[in-house]
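K.L.:
One structure, pasted below without further comment.
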Amino acid sequence: MTASAHPRWPYDGALAVLLAQLGLTVAETYPGEFYTSDHLDLGIRHGLKSKTNRTHRDEGTGRLLRWAETVEVSLTNAARDAISTGFATDHYFDAMVGLLGMINILRGNRS
């Protein structure tokens with residue numbers, strides 16, 4: 001494979017620039033970053049509240065639903081139900097938080 005044929009790593013430039021190019025942009029996300037008050041503000045704090053505790057996950061459900069409404073993200077009934085019930089597992093919670101966090105970035109609400 002020649003150097004020009006290699007896919008670009010997500011760290012090769014600003015997201016807007018990478019998305020404007022033809023091809024696939026792949027990025028690794030860390031859902032824990034999205035828990036913070038400067039992002040989705042879920043009240044999950046390392047050492048204080050835990051995503052593995054369903055009660056703690058439940059406490060953030062209203063915030064997630066309000067956030068989705070505020071930024072006009074349409075949730076399916078299944079997604080709304082999963083959020084409303086605090087998710088069956090922390091893995092599902094992380095998957096949703098990661099997705100909503102990426103949407104938040106793509107909408108320009110956070111770099």
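The values are calculated or read from the model by the stated rules, or taken from the named source; none is laboratory data. Computed from a predicted structure; not experimentally measured. Every residue, glycine among them, receives a Cβ derived from its backbone with ideal geometry; neighbour counts consider all protein chains shown.
K.L.:
If Gly23 satisfies every condition in (1) loosely packed, with under 12 Cβ neighbours inside 10 Å; (2) part of a helix (DSSP H, G or I); (3) not acidic (Asp, Glu) but one, which is the exception?
P.N.:
(2)
K.L.:
When the range 61-111 is examined, which residues are found to be in a loop (DSSP other than H, G, I, E, B) and within 15 Å of His39 (Cβ to Cβ)? I'd like the intermediate steps shown before the answer.
P.N.:
Step one: list which residues in the range 61-111 are in a loop (DSSP other than H, G, I, E, B), which gives 71-76, 85-89, 107-111.
Matches in the range 61-111: Val71, Val73, Arg107, Gly108, Asn109, Arg110, Ser111.
K.L.:
For the range 71-111, which positions are farther than 18 Å from Leu19 by Cβ, modelled with pLDDT under 90 and of a type outside the set (A, V, I, L, M, F, W, C)?
P.N.:
If the condition is that a residue be farther than 18 Å from Leu19 by Cβ, modelled with pLDDT under 90 and of a type outside the set (A, V, I, L, M, F, W, C), then Thr85, Gly86 are the ones that fit.
K.L.:
From Arg57, Arg45, grab the single residue that is more than 18 Å from Ile103 (Cβ to Cβ), free of Cβ contacts under 8 Å to residues at least 60 places away in the same chain and either aromatic (Phe, Trp, Tyr) or not in a helix (DSSP H, G or I) (or both). Show your work before the answer.
P.N.:
Numbers: Arg57 fails: either aromatic (Phe, Trp, Tyr) or not in a helix (DSSP H, G or I) (or both).
Within the list Arg57, Arg45, the selection yields Arg45.
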